[in-house]
1. Hydropathy first: keep DSSP H helices in the chain averaging at least 0.5 on Kyte-Doolittle, then drop any whose Cα extent along the axis falls short of 24 Å, and list what survives.
2. Taking 0.36 nm per residue of sequence separation and subtracting the Cα-Cα distance, how much length would be gained by fully extending the chain between TYR4 and ILE36, in nm to one decimal?
3. Pull out the extension gain between GLU112 and ALA23, defined as 0.36 nm times the separation in residues minus the alpha carbon to alpha carbon distance; nm, one decimal.
4. How far apart, in nanometres, would the label points at LYS45 and GLN127 be if each is projected 7 angstrom from Cα along the Cα-to-Cβ direction?
5. Please state the charge dipole magnitude for the chain, taken about the Cα centre, from unit charges on C-beta atoms (+1 on K and R, -1 on D and E), reported in debye and rounded to the nearest 20.
6. What FRET efficiency comes out for ASP13 versus ASP73 if R0 is 41 angstrom and r is the Cβ-Cβ distance? Round to the nearest 0.05.
Amino acid sequence: MSDYTMTITLDTDLAETEERVRAALAEEGFGILSEIDVQSALQDKLGEDVGPYKILGACNPPLASKAIAADADIGALLPCNVLLRASANGGTDVVAADPLAMLRMAGDDLAELGEDARGRIERALGQLSQ
């Protein structure tokens, strides 16, 4: 956990965790716009194996639309990234960027949207913990 992320660890492998994360995010109105398999990319480009490490770019379209209407440059901070990686203790870490922390960089005008997005991500992570 950091000042800009929210983290939980699940006792499931990356594939099962990803399936559960996608479903929990969908229940909160998020779709996955992008998917980056960092493990494969670094293996291909550098010959390094960092273990299972995938980034999902999650987007809630109504919130994204409001954010873009308020600040056209906000797209540089979108979408909300959710990292899935092998946990040092087994299982899989789910590390979500804190939307409120990201949107604070854009100023106070977007704080309400950031709080809404943060609440949705927190609820999704809470579902995964049950």
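1. Values: long enough: 111-129 (27 Å, -0.62).
Both cut-offs are met by no helix.
2. Details: separation 32, 0.36 × 32 = 11.52 nm, distance 1.99 nm.
This chain segment gains 9.5 nm when fully extended.
3. Values: separation 89, 0.36 × 89 = 32.04 nm, distance 2.48 nm.
So the chain would gain 29.6 nm between GLU112 and ALA23.
4. Inter-label distance under the simple model: 3.2 nm.
5. Details: 10 positive and 23 negative charges, 19 e Å.
Once rounded to the nearest 20, the dipole reads 100 debye.
6. Details: r = 38 Å, r/R0 = 0.93.
With a Förster radius of 41 Å, E is 0.60.
Computed from the coordinates by the stated procedures, all read-outs in this text should not be read as laboratory data. Please read these numbers as outputs of a predicted model, since none were measured by experiment. Counting neighbours? That spans all protein chains shown, and the Cβs are built from the backbone with ideal geometry, glycine included.
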